[in-house]
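Chemist: Below are the structure tokens for one structure; questions will follow.
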Amino acid sequence: MKILLAGDSTVANCPTEEYPMSGWGAELPPHVFTRAAVHNFAKGGASTESFREEGLWGKLLEITETGDAVLLQFGHNDQKLSHLGAVNGYTSNLKQMISEVRERGAHVVLCTSVERRNFVSGAQQATLADYADAVRVLAEEEQLPLIDLSEWTTELYETAGEAGSMEYFTHLVPGEHGHWPEGLQDNTHFNRVGAATIAEYVAQELGRILP
């Protein structure tokens, strides 16, 4: 079995110059290597539309075979484009992807978007709720397994607290790292600790979902 990942920067193998930033897909292989090989096609900035237009979806389909698992997690960049609203372009694009994976006899696993760290008055507030809801509805309509990363990451941040949850993200003070000499305060992109934490959960869910 192969596990094929389609998504954005929160899933992707980040470029070396962005280290210690990491997507959870980059940290997934150690958790599933005894069962499957991971092929991560996710890319920073990708939406359900650009992923196809840039040829990444075609490359993923080229190696998709019967019994493989294709995980889909988008939303962060779709949200920035009005024609890719949660219940129109975004959902339509996901439906087309689902159909094409099924044609190849592979399994589709839908993932809601990982949440951004967004504390307001001490409480984590959703930033991608409409997109997460759209994926939940789609999973039910299409009778597909769902990994609800939006719900799980929200609980993760809330448990860690406003200060503690920073440990999962790329927060660097000036001079701390050569790749980010001016420092960085990023509440969207994980560091390796955060990415590995999510990857471990995804692996556990895959163990429950896949035959």
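Laboratory data are not the source of any read-out in this text; all were calculated from the coordinates shown. Fair warning: this is a prediction, and the values are worked out from it, not measured in the lab. As a convention, Cβ positions derive from the backbone with ideal geometry for all residues, glycine included, and neighbour counts pool all protein chains shown.
Chemist: Would you work out the charge dipole size for the chain about its Cα centre, treating the Cβ of every Lys and Arg as +1 and the Cβ of every Asp and Glu as -1, and quote it to the nearest 20 debye?
Modeler: 420
Chemist: Tell me, Val70, Val87, Val11 in order of fewest to most beta-carbon neighbours within 10 Å?
Modeler: Val87, Val70, Val11
Chemist: Let me ask something else about it. Name the residue farthest towards the positive end of the dipole of the chain from the options Leu128, Met21, Thr154, assuming +1 on Cβ of Lys and Arg, -1 on Cβ of Asp and Glu, about the Cα centre.
Modeler: Going by the Cα projections, it comes out as Met21.
Chemist: Each label point is 7 Å from the Cα along the Cα-to-Cβ direction; what then is the distance between the points at Thr159 and Arg136, in nm?
Modeler: Simple spin-label model gives 1.9 nm for this pair.
Chemist: Could you work out the relative contact order of region 148-211, using alpha carbon pairs under 8 angstrom and six or more residues apart, expressed as a whole percent?
Modeler: 25
Chemist: Mean Kyte-Doolittle of at least -0.5 and a Cα length of 18 Å or more along the axis: which whole DSSP H helices of the chain meet both?
Modeler: Result, helices passing both filters: 129-142, 192-209.
Chemist: While we're looking at this one, here's another question. Once you put a point 7 Å from the Cα of Phe119 and another 7 Å from the Cα of Lys80, both along the Cβ direction, what distance in nm separates them?
Modeler: Between Phe119 and Lys80, the label points sit 2.6 nm apart.
Chemist: Also, quick follow-up: Okay, helix-only estimate at 222 nm for the chain: each DSSP H run of n ≥ 4 adds -39500 (n - 2.57), divide by all residues, round to 500 deg cm²/dmol; what do you get?
Modeler: Taken over the chain, the calculation gives -11000 deg cm²/dmol.
Chemist: Something else now. Can I get the semi-axes of region 2-209's equivalent ellipsoid? Compute them from the C-alpha gyration tensor as square roots of 5 times the eigenvalues, in angstrom, largest first.
Modeler: Output for region 2-209: semi-axes of 27, 19, 17 Å.
Chemist: Tell me, Ile3, Ile63, Ile209 in order of fewest to most beta-carbon neighbours within 10 Å?
Modeler: Ile63, Ile209, Ile3
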